[in-house]
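Have a look at the structure below before the remarks.
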């Protein structure tokens, strides 16, 4: 979701720091089981009134952000960290494995926690998200010298780290699975309620629920996911595509992509159903409210009306 809403640094600057926290709060309502990419900067320059403030991004890192990281020499910054993360929605614990940058320190994470994640999530460092049981106060330095930085640059230009591309595939799978789960949950929830719009009693709470569901459904952009996956796949080195371990992860991505395509019509119908209800003026706000916000009262009124018609 963050990739759809936050494709460039300019979008972050335009929308401001509060927008970042809003995206994170929405994203961290669900588990992140498969390791996902992340990065944060404790003093990102939003410009204008916001100025330097913390920024955190979770998900597949878009090209524009990769260029920003490189041009701002973030790999050696004490305000920056990047790597992999997982999240448990029940414990609200976001576990971070730092693989780049020197900002993997408790003092820096405290800034991120206080301004971006509190009170809906708590971030902790771990040595590895593959073995996340033990938290550490400070993440091991991902970059210790200019020589290490040079080696990283060389490896990007002259070779490839298959593990990095496998992680990207896992991030795509995690993102796609999240979209699939969210749409399915909405279909099984408000979708069942609105299955036959002509037979439901519209209340204030139902209107609010429909509006919220409609916004969520628009955020769950299947087409963006498919296009981003295609652009990513087309840009991969041939050697990566032929690696057996990568192929295994890619098959999972393509499976969830197929499921999302089959959900597209369901999503469209849900949006249309929610839109019908969302356009209804709040009944109890009318000059002469036709119904109560109490469903039992609505049922009683409907029953009385039916009985009066019979007599």
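The values are calculated or read from the model by the stated rules, or taken from the named source; none is laboratory data. The shown structure was predicted, so the numbers you read here are calculated from the model rather than taken from an experiment. Using ideal geometry, Cβ is built from the backbone for each residue, glycine included, and neighbour counts are taken over all protein chains shown.
Criterion first (over 19 Å from residue 32 (Cβ atoms), surrounded by 18 or more Cβ atoms within 10 Å (Cβ to Cβ) and outside the structural domain of residue 23 (by TED's automatic domain parsing)) does residue 176 satisfy it? Considered against the rule, which asks whether it is over 19 Å from residue 32 (Cβ atoms), surrounded by 18 or more Cβ atoms within 10 Å (Cβ to Cβ) and outside the structural domain of residue 23 (by TED's automatic domain parsing), residue 176 comes out as no.
In segment 263-279, the condition of being outside any helix (DSSP H, G or I) and at pLDDT 80 or above is met by at least one residue. Does residue 292 qualify as being modelled with pLDDT under 90, in contact with a helix residue (DSSP H, G or I) (Cβ under 8 Å, 6 or more places away or on another chain) and not assigned by TED's automatic domain parsing to the domain that holds residue 7? Yes, satisfied.
Being in a helix (DSSP H, G or I) and either in contact with a strand residue (DSSP E or B) (Cβ under 8 Å, 6 or more places away or on another chain) or surrounded by fewer than 18 Cβ atoms within 10 Å (Cβ to Cβ) (or both) is the filter here; which residues of segment 20-37 pass it? Of everything in segment 20-37, those that are in a helix (DSSP H, G or I) and either in contact with a strand residue (DSSP E or B) (Cβ under 8 Å, 6 or more places away or on another chain) or surrounded by fewer than 18 Cβ atoms within 10 Å (Cβ to Cβ) (or both) turn out to be 20, 22, 24, 25, 26, 27.
Specify the residue that is farthest from residue 63 (Cα to Cα); the eligible residues are those in segment 202-238 that are loosely packed, with under 15 Cβ neighbours inside 10 Å and more than 20 Å from the chain's Cα centre (by Cα). Per the stated criteria, the residue is 205. Being touching a helix residue (DSSP H, G or I) at 6+ places or on another chain (Cβ under 8 Å), closer than 26 Å to residue 58 by Cα and surrounded by 15 or more Cβ atoms within 10 Å (Cβ to Cβ) holds for only one residue in 241, 261, 247, 252, and it is 252.
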